[in-house]
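First up is the structure itself, then whatever we jot down about it.
The values are calculated or read from the model by the stated rules, or taken from the named source; none is laboratory data. Computed from a predicted model, the values in this text were never measured in an experiment. Positions of Cβ are backbone-derived with ideal geometry, glycine not excepted, and every protein chain shown enters the neighbour counts. These accessible areas exclude ligands, DNA and RNA; they are computed on the full protein's heavy atoms, side chains included. Shrake-Rupley method; radii C 1.70, N 1.55, O 1.52, S 1.80 Å.
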Amino acid sequence: QTLQDVTDNGATTTNAVSLNGGASITKAGQDVLTVNRSNAGSAYIAINPSGGDAILKFQTDGSDNFAIGKDGTDTSFRIAEGGALETNPRLVIKPGGNVGIGADSPQVRLHLENSDGTDEFLRFSDSSAGDVASVRAYQQYYMGNNTTRVGYFGFTTNETFDMATTSSNGALRF
C-alpha cells in the first residue's frame with residue numbers, strides 16, 4: 001500500500017508506513033507530529049540508528065540549538081548545546097548512573113566541572129529570604145536510608161554559617 005493509497009482511503013491504515021528516503025512533516029499552526037495509542041500499552045518513538053548517535057535536535061529557523069540523545073561511542077545519554085552530542089555537552093549520564101554537569105566523562109555520582117574560567121559554578125540560594133538575616137541555604141548529608149541526617153553545612157539562620165555533624169560519634173576535622 002502506497003502513501004497515496006492511504007491518503008486516498010481517508011488517511012488511515014493499519015499497515016506500517018515506511019519512508020526510506022526520509023520525511024519532512026510541515027503543518028502551520030498545529031501539532032506537527034502526535035503519537036497516540038488507542039488501547040492499553042506504551043506509545044513511543046524509537047530512534048534506532050545502525051551505528052552512530054541517536055539524536056533528537058531542537059532548532060530555531062534551521063539552526064541547531066540543542067541536541068538530546070544517546071552517544072553512539074560510549075552509550076551515554078547527553079544534552080548538548082548545538083547539533084552534535086559530543087560538542088558542548090551540558091548534561092551527561094553515563095551507563096551505571098554517573099551524572100556530569102559540565103563534565104564530559106563523570107567519574108562519580110554527581111560530577112560538576114567548571115571549564116569556563118569563572119570562579120562560581122555551584123550556587124545555593126534562598127529565594128524566599130527578604131534580607132540577609134533570613135537566608136537559609138545549606139547542604140545536608142544523610143545515611144543510606146535517607147531519613148537519618150548525619151551532618152550539614154551552610155547558612156542555617158541569622159547570618160550564621162554552620163558546619164556540624166549530628167552523629168554522637170561524629171567529629172569535624174580541618
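Structure values in brief
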quantity	calculated
Rough spin-label spacing in nm, given labels placed 7 Å along Cα→Cβ, for T166 and D5	6.8
Low-density loop positions, GluC sites (Glu not before Pro), the stretch 94-174 - DSSP coil, at most 11 other Cβ in 10 Å	E120, E159
Most to least accessible of V135, V6 (protein chains only, probe 1.4 Å)	V135, V6
Counted charge near E81, where neighbours are those whose Cβ lies closer than 10 Å (Asp, Glu -1; Lys, Arg +1)	0
Surface/4 estimate of mean projected area, convex hull on alpha-carbon atoms of the stretch 81-126, nm²	4.3
Sites V99 and A43 - FRET efficiency at Förster radius 30 Å, r taken between beta-carbons, to 0.05	0.65
Two-site label geometry, Y152 and D126: point separation in nm, points 7 Å out along Cα→Cβ	1.0
FRET efficiency estimate (nearest 0.05) - Cβ-Cβ, L112 to A54, R0 35 angstrom	0.85
Projected-area average for the stretch 79-174 over all orientations - Cα convex hull basis, square nanometres	9.6
